[in-house]
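The values are calculated or read from the model by the stated rules, or taken from the named source; none is laboratory data. Predicted model, so just to flag it, every value in this text is computed and none were measured. Methodologically, a virtual Cβ is constructed for each residue, glycine included, from the backbone with ideal geometry; neighbour enumeration extends over all protein chains shown. The accessibility values were calculated without ligands, DNA or RNA, using every heavy atom of the protein model including side chains. Shrake-Rupley method; radii C 1.70, N 1.55, O 1.52, S 1.80 Å.
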Amino acid sequence: MPQIPEKIHELTVGQLAARSGAAVSALHFYESKGLISSRRTTGNQRRYTRDALRRVAFVRAAQRVGIPLATIREALAQLPEERTPTREDWARLSEAWRAELDERIKQLNRLRDHLTDCIGCGCLSLESCVLSNPDDVFGERQTGSRLMVERPPRQAVQESRPQAVQESKGACS
């Protein structure tokens, strides 16, 4: 990992990418979402303060555990004077996110448990598919997966075609 001399107080996007391990495009994306900020030089180049390194690390760690970017942005905005998150900040925020993550884990466990039932039904709509057709709501209207497009009967489609199309089809058969 390239070292940045202490006397350098601002980083180019390339230096920030090299140090943080994030792609340049990811840094631009983070900036567009208000997670990090830069100033522009007279040559219109981005310059990031050194604390952007910690902010990027914070964002990437939160993303790794599944925290949405909007939630991360809200957390960073709550920090006084938009300062870099500290260990205490991370502890406080991660504790607050724990309940959300626990609920997601429960949902994923339920999904995993129902997935086996779904695979057993074959077409995702027999009697009561708990994933794509809970309580067989769509089974009352038609058979098959609810995700399939309802099509008119084949005969009705042929009758609605222009005469020339039907004649040319007959000539080719």
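Scanning region 22-33 finds one or more residues that are in contact with a helix residue (DSSP H, G or I) (Cβ under 6 Å, 6 or more places away or on another chain), in contact (Cβ under 8 Å) with a residue 12 or more places away in the chain and surrounded by fewer than 18 Cβ atoms within 10 Å (Cβ to Cβ).
Look through R73, R112 and report the one residue that is surrounded by 11 or more Cβ atoms within 10 Å (Cβ to Cβ) and modelled with pLDDT of 60 or more. Criteria check complete, one pass: R73. In region 35-47, the count of residues that are open to solvent by less than 70 Å² (accessible area, probe 1.4 Å) and among the basic types (K, R) is one or more.
Of the candidates A57, A62, the single residue that is of a type in the set (G, A, S), within 23 Å of A96 (Cα to Cα), in a helix (DSSP H, G or I) and open to solvent by 50 Å² or more (accessible area, probe 1.4 Å) is A57.
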